[in-house]
1. Restricting region 120-140 to residues that are β-branched (Val, Ile, Thr) and under 16 Å from PRO161 (Cβ atoms), which is surrounded by the fewest Cβ atoms within 10 Å (Cβ to Cβ)?
2. Do we find that ALA115 is of a type in the set (Gly, Ala, Ser), surrounded by 17 or more Cβ atoms within 10 Å (Cβ to Cβ) and at pLDDT below 90 in this structure?
3. Is it true that some residue in region 49-69 is assigned to a helix (DSSP H, G or I), at pLDDT 80 or above and either surrounded by 16 or more Cβ atoms within 10 Å (Cβ to Cβ) or not polar (S, T, N, Q) (or both)?
4. Between residues in region 132-161 that are under 17 Å from VAL113 (Cβ atoms) and residues that are of a type in the set (Phe, Trp, Tyr) and open to solvent by less than 30 Å² (accessible area, probe 1.4 Å), which pairs lie under 6 Å by C-beta distance while being six or more apart or on different chains?
5. Cβ-Cβ under 9 Å, sequence separation 6+ or interchain: first residue in region 110-123 and in contact (Cβ under 8 Å) with a residue 24 or more places away in the chain, partner acidic (Asp, Glu). Which pairs?
6. So for region 150-166 (the condition being in a helix (DSSP H, G or I), open to solvent by 30 Å² or more (accessible area, probe 1.4 Å) and under 26 Å from SER94 (Cα atoms)), does at least one residue qualify?
7. Restricting to region 357-401, give me the number of residues that are buried (at least 19 other Cβ atoms within 10 Å of the Cβ) and either within 21 Å of the chain's Cα centre (by Cα) or among the β-branched types (Val, Ile, Thr) (or both).
8. LEU251 - would you say it is more than 22 Å from LEU366 (Cα to Cα), of a type in the set (A, V, I, L, M), under 36 Å from the mean Cα position of the chain (by Cα) and at pLDDT 80 or above?
Amino acid sequence: MAKNLPLAETVGMALSTLRANRLRSLLTMLGIVIGNASVITLVGVGRGAQNLAEGQLSNLGANVLFVVPGNNDTRRQGIDFPKTLVLEDAKAISEQVPSVKRVAPQITLSEVVQAGEVSSSTSIAGVTPEFLPVRQFEVAQGRFFSKGDLEGARNLAVIGPDLATKLFGNKPAIGRQLRIRNQPFEVIGLLQAKGAVFGQNQDENAYVPLTAMVSQLSGRDPTYGVSLNFISVEARDQESTGAASFQITNLLRQRHRILREDDFAVRSQKDALTIVSTITGGLTLMLGAIGAVSLLVGGIGIMNIMLVSVSERTEEIGLRKALGARSGDVLLQFLVESLVLSILGGVIGSGLGMGAIGIVAAVTPLPATIGAGTVLVTVLLSGSIGLFFGVVPARRAARLDPIAALRSL
């Protein structure tokens, strides 16, 4: 009775066959290489997008809630937010909500800022001194607004570093004057770089006292009073954010005499992070699925080439069986060939994908990254695909009748 060939000998024969047909082996691996590289790159880019969004959200400030006018229906329909959030609401939150530490009301306008002959379109925010600690901004040069500046409605401005560079170049910005709607504002402070949030560069913004914004730029609505774009609220600690949100909602419902649908919304950093994580997680999954399709196509390519190889090696298979090789030996040899091709292609593809991720992280602001576990899983997945699609050719080779195969010699 014929004995099974040793596993090492079978593997050696498979590797010898692949080395003897280097070009074919390379072309067979190409689909797996491309598929694996696609999976690694797309998943890395997806995770980079998630990391970027989470990093930008962290710039909003710790334990911060945002109270915005309008409800979910107005936001979904793209309706302009109603003027339902006023300065008196911010004062009431500060005075009547015990779980709140600081409150920073804000009015935002898009305006053209001029400094001499240089001008730049930017976002102008009217804020209070509480804005700095609530949103965790820091002053690099000069100072921020004081309570006296706010009470006196003084025409002062604190600007971001990028806006300072646009307007003044390398010259000092402190003490210079800006003109907004032909109103002069003296620059008293320069903020440290903060980065972008949702695509908006915070370092290009300018900040003026809220009272100066109302008296010089935005005006006071005769019906609603001082309308706000939103209110930033800092809870006392992380555990207090839920209580603060609940208390603010109840307070504003009472102040606005709401019986049904709210005319405002309270959003936390955690809510935004959950939404972003869901979106970017779905994006990463979708990109990974697209790359997996490429792997599937690569597996089909391996099966096709191996089927052609079985047809071309009919004589070899018949001769091996005539000399005592068992069907299991032939099956194992072809499976090993498929497995080696797929795993080697997976390793090469992973290397290319990691290189592509490095390039993306180096030349773009996207912090693309990939974990070692993901790379290992992808390589194992490519090996499994090669093994799966190698079964059909291997079974066909193992079932060849040696007498019929030898007739072609």
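The values are calculated or read from the model by the stated rules, or taken from the named source; none is laboratory data. Predicted model, so just to flag it, every value in this text is computed and none were measured. Here Cβ is always computed from backbone atoms with ideal geometry, including for glycine, and neighbour counts include all displayed protein chains. The protein model used for the area step is the full one, side chains on, heavy atoms only, and it has no ligands, DNA or RNA in it. Shrake-Rupley method; radii C 1.70, N 1.55, O 1.52, S 1.80 Å.
1. It comes out as VAL139.
2. yes
3. no
4. Taking only residues 6 or more apart or on different chains, the pairs are ASN155/PHE185; ALA157/PHE185; VAL158/PHE144; VAL158/TYR207.
5. SER120/GLU204; THR122/GLU111; THR122/GLU204; SER123/GLU111; SER123/GLU204
6. Within region 150-166 (the criterion being in a helix (DSSP H, G or I), open to solvent by 30 Å² or more (accessible area, probe 1.4 Å) and under 26 Å from SER94 (Cα atoms)), the answer is yes, since at least one residue qualifies.
7. Within region 357-401, residues that are buried (at least 19 other Cβ atoms within 10 Å of the Cβ) and either within 21 Å of the chain's Cα centre (by Cα) or among the β-branched types (Val, Ile, Thr) (or both) number 7.
8. Against the criterion (more than 22 Å from LEU366 (Cα to Cα), of a type in the set (A, V, I, L, M), under 36 Å from the mean Cα position of the chain (by Cα) and at pLDDT 80 or above), LEU251 qualifies.
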